[in-house]
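Each reported figure results from applying straightforward, stated rules to the coordinates on display, with no laboratory input. Only a predicted model underlies this, so the values are computations on that prediction, with no experimental measurement involved.
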Amino acid sequence: MIQENDSIGFIGAGNMAEALIKGLIKSGLYSPDRLSASDNDIEKLKTKSETYKIRSYDSNRDLAQASTIIVLSVKPQVIMGVLSEIAGNLTPDHLVISIAAGISINLIRDMIGMNKPIIRVMPNTPALIQRGISALAK
């Protein structure tokens, strides 16, 4: 269950992460101070941080430690590296949400451990203009 003081950290600050950040802020469900992002593209990260007034992290590990909800919004080809990087920083209290295409819950569970809640989400392209829908699996 999402708590009032939960913070969401996006690993990967690309187009879909931006759409979700924008939607969360616009909806009023989350204020910018409860949102953060990390990305290997420092300029992209800086732009997102300045545009949406969210926190940014140079390190995925630091983002994982500072956030209660982790959104994996990276390309499928880098997910294994990201998961191995953050696995040691995740606790059973973390909620892990993946929007990485083609990456199963079982693969994520194998990488981060069985005792952490995982949700798989597949948003569609209209989410980029705040008109999308998403399929969810837990």
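General observations
- A cut-off of 5 Å between modelled amide H atoms, ignoring neighbours fewer than 5 places along the same chain, links V71 with G9, F10, I11, I97.
- Beta bridges from DSSP with both residues in the chain: antiparallel share about 20 percent, rounded to the nearest 5.
- Backbone amide hydrogens, once placed in the peptide plane, bring Y57 within less than 5 Å of A37, S38, D39, excluding anything fewer than 5 places away on its chain.
- Backbone HN-Hα couplings from phi across the stretch 110-123 [Karplus 6.51/-1.76/1.60, Hz, Gly and Pro as x]: 4, 7, 10, x, 6, 8, 10, x, 10, 10, 9, 10, 10, x
- Computed from backbone phi with θ = phi - 60° and the Karplus coefficients 6.51, -1.76 and 1.60, the 3J(HN,Hα) list for the stretch 66-82 is 8, 10, 9, 10, 10, 9, 8, 10, 10, 5, x, 5, 10, 4, 4, x, 5 Hz; x is used for glycine and proline.
- Proximal lysines to K22, defined as alpha-carbon separation beneath 25 angstrom and excluding residues fewer than eight positions away on the same chain: K44, K46, K48, K53, K75, K138
- Two-decimal ratio, the chain, of alpha-carbon radius of gyration to 2.2 N^0.38 Å: 0.96
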